[in-house]
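Beneath this line is the structure, given in structure tokens, with notes to follow.
The values are calculated or read from the model by the stated rules, or taken from the named source; none is laboratory data. None of these values were measured; they are calculated from a predicted model. So basically every Cβ, Gly included, is an ideal-geometry build from the backbone, and we count neighbours across all protein chains shown. Areas reflect the complete protein model, heavy atoms only, side chains present, ligands, DNA and RNA absent. Shrake-Rupley method; radii C 1.70, N 1.55, O 1.52, S 1.80 Å.
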Amino acid sequence: MRTPIHTSKKLEKLVKKLIKTDFNGKCGLLGKWNATVFYVDRKKCWLMSNAKTQYLVILTDIKTADLNNIEEIFKNAFYGQLIYDGIITDFENINAIIGELDFLRTDNDRKTNGFQNHRLQDLDWWKYEFGSLENMPIKDLTNRMNMTPIQLGKELKISDFTDSIKEMKKLLKE
């Protein structure tokens, strides 16, 4: 299995050596992810969101030297966020579901980009509240964003509204 991660243009400039030009592998259970970069105290952080569920994972203080281990960093952060959000599963299961990561150029997914921009505004608000990256409870803030009601359906029915945690639980039980 392979998991495609489409990077924003900002992030693409920072991780040029990871970007692949083509993706021919079979997409895993989780589908594609989108990633963008934001800064807290001049430290690079990545906001990664799953396109199917809009589930968020934040990678903090990513340096150029960390790019060699980015797959391990992502899997550990994703697993840690799942546990924090009450989605209990084995790390080996997550490792098998994700497989290898393929970083690709942006796919211009406007819905996911808009969703990420909205979440970045939430993070900007919390940056001022907590001050520095060390004072920010990242897993708690990500949990708050994952619990925000979202609409995944096409119509404006109440039944189309859910949250990312519920959707990720459903997806992982398949």
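Just to be sure before I move on: is residue 10 among the basic types (Lys, Arg), open to solvent by 60 Å² or more (accessible area, probe 1.4 Å), more than 21 Å from residue 115 (Cβ to Cβ) and assigned to a helix (DSSP H, G or I) in the structure I sent?
So residue 10 does not fit the description; no.
Condition first: at pLDDT 90 or above and assigned to a strand (DSSP E or B). Can you find one or more residues in the stretch 62-75 that meet it?
no
If you take the residues in the stretch 75-110 that are small (Gly, Ala, Ser) and over 15 Å from the mean Cα position of the chain (by Cα), which one is most open to solvent (accessible area, probe 1.4 Å)?
Among them, the one singled out is 96.
Restricting attention to the stretch 124-146, which residues are more than 14 Å from the chain's Cα centre (by Cα), surrounded by 13 or more Cβ atoms within 10 Å (Cβ to Cβ) and not charged (D, E, K, R)?
If the condition is that a residue be more than 14 Å from the chain's Cα centre (by Cα), surrounded by 13 or more Cβ atoms within 10 Å (Cβ to Cβ) and not charged (D, E, K, R), then 126, 130, 133, 136 are the ones that fit.
Can you name the condition, by its number, that residue 31 falls short on among (1) part of a loop (DSSP other than H, G, I, E, B); (2) touching a residue at least 60 places away in the same chain (Cβ under 8 Å)?
Status for residue 31: all satisfied but (2).
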